1. About the Cα centre, and with charges only on the beta carbon of Lys, Arg (+1) and Asp, Glu (-1), how big is the dipole of region 575-652? Nearest 20 debye, please.
2. At 25 °C and a viscosity of 0.890 mPa s, what translational diffusion coefficient does Stokes-Einstein give for the chain, taking Rh as the Kirkwood radius over Cα pairs? Give it in µm²/s as a whole number.
3. Rolling a 1.4 angstrom probe over the protein heavy atoms, how many square angstrom per residue are accessible across the chain?
4. Excluding residues fewer than 8 places away in the same chain, name every one of the lysines whose C-alpha is closer than 18 Å to that of K509.
5. Placing +1 at every Lys and Arg Cβ and -1 at every Asp and Glu Cβ, with all other atoms neutral, what dipole size does the chain have around its Cα centre, in debye to the nearest 20?
6. How large, in percent, is the carbon and sulfur part of the accessible surface of region 102-172 at a probe radius of 1.4 Å?
7. Between E633 and L608, what FRET efficiency comes out of the Förster formula 1/(1 + (r/R0)^6) with R0 = 35 Å and r the beta carbon distance, rounded to 0.05?
8. Share of region 374-518's accessible area from carbon and sulfur, percent, 1.4 Å?
Amino acid sequence: MIRCQKKGRLQTPDSARPDFSSLYGEAIEAGRRRDYRRAADLFAQVAGATDEFPLALLYLGRSCHALGEHGRAIRALTAFVRRRPGSAAGRLFLGRAHLAVGDLEAAVRELAAAVKARPDLAPAHGLLGLACLRARRFDEALAAFTEARRLAPDDRRLEVGYLNTALVAAVRCFHRNRLVDSARLFSEVLDRRGSSMLPHVYLARIFRELGKDGMALFHLDAACSLSPGDSSLQLQRAMVLLALGREPEAFEALKIGSYFLKAGKGAGRSPQEVQRFLAVELFQQGRFRDAVFHATRLLRADGKDPMLHALVAESYRALGELEKARNHYLRALEGDREAMAPRYGLLAVLWEQGRHGDLAAEARRVLRRDDADSTARYFESLALSKVAPADPGTLGALQGQVRDRGADPVVMAALAESYESAGLADLAEGWYSRTLKVVPGETSALRGLGRLYAKAGRTEDLGSVYRRLLEAKPDDRKARRGLVRALVELGRWAEAAPEIERLIASGAKGERLRTTLVHCYRRSGRHADALLVLRELLVERPDAEELVKAALYCLDRLGARENALRLAERFQKDHGERHDLTLMSGVLWYRAGKLEKAASAFRSAIALAPKDWRAYRNLGMVYRKTGVKEFAEKFLATGRRLKKSAETVRPS
């Protein structure tokens, strides 16, 4: 019996060779019916097995994109663009796929190439604008959307894209103090979208900064008419009216604003008092960015106001801008050393920043004043869990916090981590698990469990942890790599393949990752997909025999035996004869019924490796098939003897 490597006898007879022209036609028809799964499977077979239909790669990429399989789409479209670098369609769809997975640099590159190849292609300009917008390349985004609108003036989506980009760019210019550019962009948006309130609000701010309170009032009046129940707009309007000396109208606006706020206290009688009141109200409403704007404008006049610094610090902390928050907490404490609220806020920020040494020092500073301060003691124990996790004193402090505070997930996770550092794996696992019962997606606890399971060799449990991490953070590339390793170790090839696809689509590089993907594809029967990756790898390493061997196997499984034989012949012509490839070629000729060519290949294999029993056995099978019994028995006997000898010397 002739076998190809160790994979067993192949069941595809030569007479059953697929008609790739028919398959291509079926794939086109499936795409027209929007049966993208069927289309993708057929296009993959065609593109993997033959170069006769170059557009199959383009259509495969589009079908995979429609299915949401962006990793496969990128791979197919990249292969297509490699063959046809001047194809605007290829660049367009490849850029779209990169955009879908958030690889903005690649998306901009490909879409820029698309518009260079086809300057009249409005969709390419529109997608380029979107990619540049997401990449925060606002000037380029505006230019791209402008050209797209020129080419397709009736396309409403392009108009919306342009206006949204102009809004973002205008806000950015405002915060960079480019007030004239900001005003121009906001005015342009208003010309096309007159019912938009945001431009009016920002134009009012701009004109106030420029000292043009009359124009500021005009835009605030417009904003109030669009949103009459917005108390903050009425209060801003009152500020401007007070600055203009129009007190009766200002007090009326204050009444309206206070009514909507249901505020029992007065907002003040000067622009500064009203702005201070407004900053506090915006903060209490959770409008932190607006609160920062008004508070920092007041700090220009009085930079030592501790209450305003504390308000700005809390706002920045809520916005996740921790370094700005830390700076303003410090400024607040400079103005009022005895205030505890900003000091507690500073402790929280230091913990969130991971500045554990600074946190421990700051907590001890508070405790020197008041040894019973529970908040400082809490943060001190957390800091110790990082700087001295296995210390008995740390464990005692954390256990005390758990007794005092109950199910606090931060303390519970810190206690688990300290147990882990102390080598108490069972206790650590228990506390990590308790933490996850309180907060199921707590990533620090999940990572801790992952470390424990990895050390214990609990691969099944480790894979479950990685899945939970990815539910919490789908973009966690490290967790996805860990999941791939676990699935491969468990032999779950069909599950591992799409995870590798997602990794590659997210920008993960490396040949090893792609060769692992090939292995997963082959083991799960996805030979066409394996071939597409192998083609890509062979472009980079054309002399890699192991890649050619894998490609031969996949081509044979797809029924493209002639293509497999041509690949083996071409490789050996370029890189010299190789024993394994010659042996595999003989097997393929044998299955194709070309016994003379099979015998010739096996004789060449014997000449290349005289002690390899497989070539003798296979040549004996050929002679038996042709009725030359004497030669058949001679070569079969030699094959058996060499095999036995090889097994005898094989190390145990």
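The values are calculated or read from the model by the stated rules, or taken from the named source; none is laboratory data. Predicted model, so just to flag it, every value in this text is computed and none were measured. Glycine also receives a Cβ, built like all others from the backbone with ideal geometry; neighbour counts cover every protein chain displayed. Ligands, DNA and RNA are excluded from the accessible area calculation, which covers all protein heavy atoms including side chains. Shrake-Rupley method; radii C 1.70, N 1.55, O 1.52, S 1.80 Å.
1. Charge dipole of region 575-652: 240 debye, to the nearest 20.
2. So the translational diffusion coefficient is about 79 µm²/s.
3. The answer is 49 Å² per residue.
4. K478
5. Once rounded to the nearest 20, the dipole reads 2760 debye.
6. Reported share for carbon and sulfur atoms: 54 percent.
7. 0.90
8. Carbon-and-sulfur percentage of accessible area, whole number: 51.
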